[in-house]
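Visitor: Here you go, one structure.
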Amino acid sequence: MSHFPNGFLWGSATAANQYEGGWNEGGRGPSLSDVTTGGSVNSPRMITWIDKYGSPHASPSHGFILPEGASYAVLEDYYYPNHKATDFYHHWKEDIALFAEMGFKVFRMSISWSRLYPTGMEDEPNQEGVEFYRQVFQELKAHGIEPLVTIWHFDTPLYLEEQKKGWNNRELVDLYVKFAKTCFEEYKGLVKYWLTFNEINNTVMFLDMFGNVANDEAFQRAYLQLHHQFLASAKAVKLAHEIDPEYKLGCMICGIAFYPATNDPNDILLNRNLWEKNIFYCSDVQCKGEYPRFAKRLWKEHDVDLAISEEDRKILKEGTVDFYTFSYYMSNSITTHQVEDKAGGNGVEGVKNPYLKYSDWGWAFDPVGLRYFLKVIDDRYHKPIMIVENGLGAYDKVEEDGSIHDPFRIEYYRKHIQEMDKAIEEGVDLIGYTTWGCIDLVSAGTGEMRKRYGFIYVDMDDEGNGSMARSKKDSFYWYKKVIVSNGEDLA
Ligand code: BG6
């Protein structure tokens, strides 16, 4: 007997920059992912740009800062997988019909900011963009699927990145709120659940990963960017509640379960400190409306000065979220000791855990870690929780008859759903679950197509060849069974 409550929101998640495509259609402006090339598990994605003398460059995307006088550019010799992505822009009707066939109760997607405001600076939104999302939401509703909409999923308009220095600039707060206001007003009655920022904690969590030792300047920048995003999020939450009291707003945290790799007290303390910096820092502000006390320690470590005003504090207090959401792919073991056997994934880096198995991309398979994460969050915030990303990026093989057998993906989900079930039994207020990438899409980390998450296969490769035809994997039928039985039938 499973413990999923009636009305549990089963579904899956996507993001505009990885799925939508149509990058230069319908009046859309470019965003950073449109000048980001493909990469692989061993080679980083590159950002392409032109220096002030007109020479072209490609630089690793992690930590990239555009030099003075340079501009971002789409260069001829490179392939940009996010331009077409897997073309929801032209397949939305067909795709939504497939989601409905699986029985989705909820579908998570994001709105591309530059489709509504091509540069971010316009006074009025691009009507073609507004109408595109309206018809998508109407179609979802017609199938009885509740949209869950991320307002910002890594895609600030390129103009704002280039001309305004992105989230370093406080002007972005009100530009974001203008964009969010358009969403709340235009889609009233069509959307109920909104997430303000995807994986907001990445900005600071990723800083000292990848073997990088970030300097104080980088930390100052990251904490300031976050402060601006917190203000933008809080203002948007308050505004949304004014526009429609029925709206429910959530934070979205990249949920890594950190573990100490040894019982050395120094490892235990390091682990606690990482939870504070990487997980609690952001969600405390968004859920409790104020910075946690330990923030002072984090700022002091890197000489960070945020000059937070009384007015800022008031804004944060008035815009707390209604529910907590997070992505969960894996745990990460950390230590103060020198080790040879490193492990990583989803932006973090640690030590190989001998009790876990790892994917082809090196991500730990740890369903119990999901239950652990749920319990910690439930205990700390006492808010309804949704897991809004969870999944396995893996290679798929299309058989001669067109079928795709993905027992490893089914096993991954089965184990995670079993742990969710136990968490609910233990009292966690879990209200929904959207797996990551119900349909194959471009990997955020590597830009690959071959790293597939979908229940639905898309005929498209890493070089952009393929018909974009959709086909069902074995997991499609399995997830359908899970949903119809409300998590009872996991066989
Ligand atoms: C999350 C992001 O970090 O992980 C998604 O919110 C991303 O955008 C997902 O796609 C999986 O990561 P990747 O690198 O395998 O695409």
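Visitor: State, in angstrom, two size descriptors of the range 246-290 derived from its alpha carbons: Rg to one decimal place and Dmax to the nearest whole number.
Guide: When restricted to Cα atoms, the range 246-290 yields Rg and Dmax of 13.7, 49 Å.
Visitor: A further question on this structure: If you average 1/r over all unlike Cα pairs in the range 53-143 and invert the result, what Kirkwood radius do you get in angstrom?
Guide: 16.6
Visitor: Kindly list the residues of the range 362-404 that lie in the label zone of Tyr355, defined by a backbone N under 16 Å from the point 7 Å along the Cα-to-C-beta vector.
Guide: Under 16 Å, as judged by backbone N against the label point of Tyr355, lie 364-376 of the range 362-404.
Visitor: Rounded to whole Hz and in sequence order, give me ³J(HN,Hα) for the range 378-387 from the Karplus expression 6.51 cos²θ - 1.76 cosθ + 1.60, θ = phi - 60°, writing x for Gly and Pro.
Guide: Values per residue, Gly and Pro as x: 4, 5, 7, 10, 6, 10, x, 10, 10, 8 Hz.
Visitor: Taking the Cβ-Cβ separation of Asp401 and Asn465 as r and a Förster radius of 25 Å, what is the calculated FRET efficiency to the nearest 0.05? Before the final figure, lay out the partial values.
Guide: Values: r = 22 Å, r/R0 = 0.86.
Working from the Cβ atoms, E equals 0.70.
Visitor: For Tyr358, what accessible surface area do you get with a 1.4 Å probe? Give it in Å², rounded to 10.
Guide: We get 60 Å² for Tyr358.
Visitor: Taking the radius of gyration and the Kirkwood hydrodynamic radius from Cα positions alone, what is the Rg/Rh ratio for the range 16-73, to two decimal places?
Guide: Working: Rg = 12.7 Å, Rh = 12.6 Å.
Looking at the range 16-73, the ratio lands at 1.01.
Visitor: In whole Hz, what ³J(HN,Hα) sequence does the range 273-285 give by Karplus (6.51, -1.76, 1.60; θ = phi - 60°), x for Gly and Pro?
Guide: 5, 5, 4, 4, 5, 8, 10, 6, 3, 6, 6, 5, 4
Visitor: What's the magnitude of the charge dipole for the chain around its Cα centre, counting Lys and Arg as +1 and Asp and Glu as -1 at the beta-carbon? Answer in Debye, nearest 20. Provide the component values of the computation, followed by the final result.
Guide: Working: 51 positive and 73 negative charges, 216 e Å.
Approximately 1040 debye in magnitude.
Visitor: Non-local amide H neighbours of Leu195 (under 5 Å, H modeled in plane, Pro and chain starts lacking H): which ones?
Guide: Val149, Thr150, Ile151, Gly250
Visitor: Report, to two decimal places, the Cα Rg of the range 303-420 normalised by 2.2 N^0.38 Å (N = number of residues). The partial results should precede the final answer.
Guide: Details: Rg = 19.3 Å, N = 118, 2.2 N^0.38 = 13.5 Å.
For the range 303-420, the normalised Cα radius of gyration is 1.43.
Visitor: In the neighborhood of Glu20, defined by Cβ-to-Cβ distances under 12 Å, what is the net charge if each Lys or Arg adds +1 and each Asp or Glu adds -1?
Guide: Working: positive: Arg28, Lys84, Arg115; negative: Glu25, Asp34, Asp87, Asp95, Asp155.
Computed value for this residue: -2.
Visitor: Ranked by accessible surface with a 1.4 Å probe, highest first, in what order do Trp363, Trp167 come?
Guide: Trp363, Trp167
Visitor: May I ask you to evaluate 6.51 cos²θ - 1.76 cosθ + 1.60, the Karplus curve with θ = phi - 60°, for each residue of the range 137-145 and list the ³J(HN,Hα) values in order in whole Hz, giving x for glycine and proline?
Guide: 5, 5, 5, 4, 4, 4, 8, x, 9
Visitor: Can you work out the base-10 log of I(q)/I(0) for the chain at q = 0.07, 0.10 1/Å, using the Debye formula on its C-alpha atoms alone?
Guide: After summing over all Cα pairs, the log10 values are -0.34, -0.73.
Visitor: What aspartates and glutamates sit close enough to Lys165 to cross-link, taking a C-alpha to C-alpha distance under 13 Å and skipping anything fewer than 8 places away on the same chain?
Guide: By straight Cα distance, Lys165 reaches Glu68.
Visitor: I would also like to ask the following. Taking amide hydrogens as modeled 1.01 Å from N in the peptide plane, which residues meet the under 5 Å criterion relative to Ile253, leaving out close sequence neighbours?
Guide: Glu199, Thr325, Phe326, Ser327
Visitor: Right, something else. Probe radius 1.4 Å, ligands and nucleic acids ignored: give me the carbon and sulfur share of the accessible area of the chain as a rounded percent.
Guide: Details: 9790 of 19590 Å².
Carbon and sulfur: 50 percent of the exposed surface of the chain.
Visitor: Which number comes out as Rg/Rh for the range 400-491 once both Rg and the Kirkwood Rh are worked out on C-alpha atoms? Display every interim value, and only then the final one.
Guide: Working: Rg = 15.1 Å, Rh = 14.6 Å.
Dividing the radius of gyration by the Kirkwood radius yields 1.04.
Visitor: Next up: What residues qualify as long-range amide H neighbours of Ser12, i.e. H under 5 Å apart, gap of 5 or more or another chain, H built at 1.01 Å from N?
Guide: Val106, Arg108, Thr435
Visitor: Cα centroids of the range 116-167 and the range 239-278: how far apart, whole angstrom?
Guide: First find each Cα centre; the distance between them is then 26 Å.
Visitor: Under a plain spin-label model, where a point goes 7 Å from the Cα along Cα-to-Cβ, how far apart in nm are Ser71 and His143?
Guide: 4.0
Visitor: Per residue, how much space in cubic angstrom lies within the convex hull of the C-alpha atoms of the range 170-307?
Guide: Working: hull volume 17.4 nm³, N = 138.
Given the Cα convex hull of the range 170-307, per-residue volume reads 126 Å³.
Visitor: Then there is this: Where the centroid of each part is defined by its Cα atoms, how far is the range 443-489 from the range 1-66 in Å?
Guide: Cα centres, the range 443-489 to the range 1-66: 18 Å.
Visitor: Provide the solvent-accessible area of Lys397, counting protein heavy atoms only and rolling a 1.4 Å probe, rounded to the nearest 10 Å².
Guide: It works out to around 130 Å².
Visitor: Same structure, new question: Return the subset of Lys296/Lys342; Lys248/Lys422; Lys300/Lys375; Lys238/Lys383; Lys164/Lys314; Lys105/Lys472 for which the Cα-Cα distance in this structure is over 22 Å, preserving the input order. Provide the component values of the computation, followed by the final result.
Guide: Numbers: Lys296/Lys342 31 Å; Lys248/Lys422 26 Å; Lys300/Lys375 30 Å; Lys238/Lys383 18 Å; Lys164/Lys314 26 Å; Lys105/Lys472 19 Å.
Cα-Cα > 22 Å for Lys296/Lys342; Lys248/Lys422; Lys300/Lys375; Lys164/Lys314; rest within.
Visitor: Under a cut-off of 20 Å between alpha-carbon atoms, report the lysines in cross-link reach of Lys84, not counting same-chain residues fewer than 8 places apart.
Guide: Filter leaves Lys93, Lys451.
The values are calculated or read from the model by the stated rules, or taken from the named source; none is laboratory data. On a predicted model such as this, the values are computed, not experimentally measured, just so you know. Virtual Cβ from ideal backbone geometry, glycine too; neighbours counted across all protein chains shown. Each accessible area value is taken on the protein alone, full model and side chains, heavy atoms only, with ligands, DNA and RNA left out. Shrake-Rupley method; radii C 1.70, N 1.55, O 1.52, S 1.80 Å.
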